[in-house]
Amino acid sequence: MTTDSKTRQTIVRLLSAMGSAKEIQQYLKRFSQVDAKRFAVVKVGGAVLRDDLPALASSLTFLQQVGLTPIVLHGAGPQLDQELAAAGIAKQTVGGLRVTSPQAMGVVRRVFQQQNLRLVDALHAMDTRAVSVASGVFMSDYLDRETLGMVGRTTGIELAPIEAALRANAIPVIASLGETSEGQLLNINADIAANELVRVLQPYKIVFLTGTGGMLDAQGQVIDSINLSTEYEHLMAQPWIDGGMRLKIEQIADLLADLPLTSSVSITRPAELAKELFTHKGSGTLVRRGEKVLSFDSWEGVDRARLRVLIESSFGRALVPDYFERTRPYRIYVSENYRAAMILTQEEGMAYLDKFAVLDEAQGEGLGRAVWLVMREANPRLFWRSRHGNSINPFYDAECDGSLKQPRWKVYWYGIDDFRLIERCVAHCAHRLPTLADALPLTNNAA
């Protein structure tokens with residue numbers, strides 16, 4: 001089989017589990033406009049190297065084949081536990097950091113180099129260009145020599161080895177080993193190393209690859225997205241957030257606070273990496289600093305020109321010219337940068353969702369979901385309609401308490417259990433006049 005044939009097979013296999021061609025092209029265009037060293041930093045845990053190396057190599061290979069070069073940094077925690085135990089060195093941690101004696105440091109250096117080369121070799125076996133960077137990136141000093149031994153704190157980042165790999169269109173595979181000015185290697189926690197690297201590179205994407213495939217909620221289900229601007233305090237108050245997850249969320253929030261608003265953190269499995277990066281739905285947990293959600297109970301204070309642009313861009317259709325004059329809002333929810341919005345009116349004595357609009361560029365960020373959650377918290381009862389074939393209908397199906405198909409529309413509701421009220425809602429939707437022109441095809445959302 002030729003290399004080109006293998007390349008095509010790899011791409012077809014990975015695309016088969018993903019979304020539409022339009023979504024994929026949209027993300028490819030977005031990523032390809034970013035400087036190579038600012039595309040993505042991918043942090044790989046030692047457990048992933050141990051348990052999921054083929055899927056990891058395959059997903060990284062796919063990214064290179066579509067013209068993207070991630071920067072990969074890995075840990076080796078489980079492998080170190082095993083090798084240190086075999087050497088008769090007991091594991092000891094202080095504040096979550098591994099105490100590293102001079103004897104243990106020899107094992108650390110050997111294990112990191114072994115694991116680094118395992119990943120590089122796995123990539124080379126798939127004809128993927130990759131370079132081993134076992135040390136030389138993290139300039140370091142002793143963090144607390146008396147207590148922790150040969151554990152380092154980062155004092156600077158040397159980008160030359162990374163830039164050399166990227167110039168050769170090769171994936172740099174970096175071990176989290178620090179180096180003092182005298183050339184002494186030190187052990188650096190991989191999560192801390194990844195955070196320091198990210199702060200310098202300011203990448204568009206930060207990806208943590210784990211076995212769980214994302215952050216899990218109280219039911220053990222993956223949380224699909226977190227908008228820190230609207231959800232952080234509520235999330236941190238939940239009793240099911242354990243110490244480790246609380247620390248992870250705090251670290252991500254601190255990290256994103258130092259990055260551009262466009263940056264985001266994804267937590268997913270290696271096999272789902274392409275799906276997480278290239279589809280709106282994703283496959284793991286997407287965390288963004290996000291945008292605040294503004295709330296209004298009238299058009300006063302709303303930038304109607306920006307709101308019109310948002311709605312028409314989202315739907316791909318023109319609003320009727322007198323929409324704002326003929327529509328009396330009950331509540332309006334708008335993200336601060338006018339990239340997502342919901343307009344509610346009051347019909348039949350209940351809240352009715354008249355418009356839910358999200359810009360194409362904001363889809364996949366979880367921004368629409370963030371606006372929805374703010375709205376739902378304030379509105380215990382709601383009904384709305386959506387055209388058949390609307391791409392957002394699966395989301396509505398999951399959020400509603402009930403629905404009913406009409407010839408042109410599907411009517412949804414939640415929080416309404418009186419059959420007579422439901423009947424009135426359905427009748428209202430059947431006769432409600434459209435406020436979007438029919439000349440252009442519908443591309444998104446309810447009307």
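The values are calculated or read from the model by the stated rules, or taken from the named source; none is laboratory data. As the structure is a prediction and not an experimental result, all values here were calculated from the model. So basically every Cβ, Gly included, is an ideal-geometry build from the backbone, and we count neighbours across all protein chains shown. Accessible surface is based on the protein model in full, side chains and every heavy atom, while ligands, DNA and RNA are left aside. Shrake-Rupley method; radii C 1.70, N 1.55, O 1.52, S 1.80 Å.
In this structure, Glu196 qualifies as closer than 30 Å to Leu68 by Cα, charged (D, E, K, R) and touching a residue at least 24 places away in the same chain (Cβ under 8 Å).
The set of residues from region 128-168 being out of contact with any Lys or Arg (no Cβ under 7 Å at 6 or more places or on another chain) and charged (D, E, K, R) comprises Arg129, Asp144, Arg145, Glu146, Arg153, Glu158, Arg167.
Sort out which residues of region 45-72 are aliphatic (A, V, I, L, M), closer than 16 Å to Val131 by Cα and touching a Pro at 6+ places or on another chain (Cβ under 9 Å), and write them in order of number. First the steps, then the outcome.
We begin by selecting, within region 45-72, every residue aliphatic (A, V, I, L, M); these are 47-49, 53, 55-57, 60, 63, 66, 68, 71-72.
Filter again for closer than 16 Å to Val131 by Cα, leaving 56-57, 60, 63, 68, 71-72.
Of everything in region 45-72, those that are aliphatic (A, V, I, L, M), closer than 16 Å to Val131 by Cα and touching a Pro at 6+ places or on another chain (Cβ under 9 Å) turn out to be Leu56, Ala57, Leu60, Leu63, Ile71, Val72.
On the stretch given as region 374-393, residues that are modelled with pLDDT of 90 or more and either open to solvent by 20 Å² or more (accessible area, probe 1.4 Å) or in a strand (DSSP E or B) (or both) total 13.
Restricting attention to region 394-430 and to residues that are within 34 Å of the chain's Cα centre (by Cα) and more than 24 Å from Val371 (Cα to Cα), the residue that is surrounded by the most Cβ atoms within 10 Å (Cβ to Cβ) turns out to be Leu404.
Picking from Gly316, Gly368, which residue would you name as being more than 24 Å from Arg424 (Cβ to Cβ), small (Gly, Ala, Ser), open to solvent by less than 70 Å² (accessible area, probe 1.4 Å) and touching a Leu at 6+ places or on another chain (Cβ under 8 Å)? Steps first, please.
Details: Gly368 fails: touching a Leu at 6+ places or on another chain (Cβ under 8 Å).
When all the criteria are applied, what remains is Gly316.
Could you go through region 96-105 and let me know if any residue there is open to solvent by 20 Å² or more (accessible area, probe 1.4 Å) and aliphatic (A, V, I, L, M).
If we filter region 96-105 for residues that are open to solvent by 20 Å² or more (accessible area, probe 1.4 Å), which is where we start, we get 96-99, 101-103.
Those still in the list that are aliphatic (A, V, I, L, M) too: 97, 99.
Yes; the residues of region 96-105 include at least one that is open to solvent by 20 Å² or more (accessible area, probe 1.4 Å) and aliphatic (A, V, I, L, M).
Once region 46-78 is narrowed to residues that are more than 25 Å from Phe278 (Cα to Cα) and either modelled with pLDDT of 95 or more or open to solvent by 20 Å² or more (accessible area, probe 1.4 Å) (or both), the residue that is farthest from the chain's Cα centre (by Cα) is Pro78.
Does Tyr333 fit the bill of being at pLDDT 90 or above and on the phi > 0 side of the Ramachandran plot? When the stated conditions are applied, Tyr333 does not pass them.
Taking the conditions (1) surrounded by fewer than 22 Cβ atoms within 10 Å (Cβ to Cβ); (2) touching a Gly at 6+ places or on another chain (Cβ under 8 Å) in turn, Gly156 satisfies each one other than (2).
Taken together, the residues in region 320-346 that are in contact (Cβ under 8 Å) with a residue 24 or more places away in the chain and either open to solvent by 70 Å² or more (accessible area, probe 1.4 Å) or not β-branched (Val, Ile, Thr) (or both) amount to 16.
Specify the residue that is least open to solvent (accessible area, probe 1.4 Å); the eligible residues are those in region 161-173 that are in a loop (DSSP other than H, G, I, E, B) and of a type in the set (A, V, I, L, M, F, W, C). Walk me through how you get there before you give the answer.
Keep residues of region 161-173 that are in a loop (DSSP other than H, G, I, E, B), which gives 168-170.
Then keep just the ones that are of a type in the set (A, V, I, L, M, F, W, C); that gives 168, 170.
Working: Ala168: 59, Ala170: 5 Å².
Taking the candidates together, the pick is Ala170.
When region 341-373 is filtered for residues that are in contact with a Cys (Cβ under 8 Å, 6 or more places away or on another chain) and not in a strand (DSSP E or B), only Glu348 remains.
Within region 394-414, being of a type outside the set (Lys, Arg), farther than 23 Å from Ile223 by Cβ and either out of contact with any Cys (no Cβ under 7 Å at 6 or more places or on another chain) or part of a loop (DSSP other than H, G, I, E, B) (or both) holds for Gly402, Ser403, Leu404, Gln406, Pro407. Would you check if Leu433 is in contact with a strand residue (DSSP E or B) (Cβ under 9 Å, 6 or more places away or on another chain), farther than 13 Å from Met350 by Cβ, open to solvent by 60 Å² or more (accessible area, probe 1.4 Å) and not in a helix (DSSP H, G or I)? The answer is no for Leu433.
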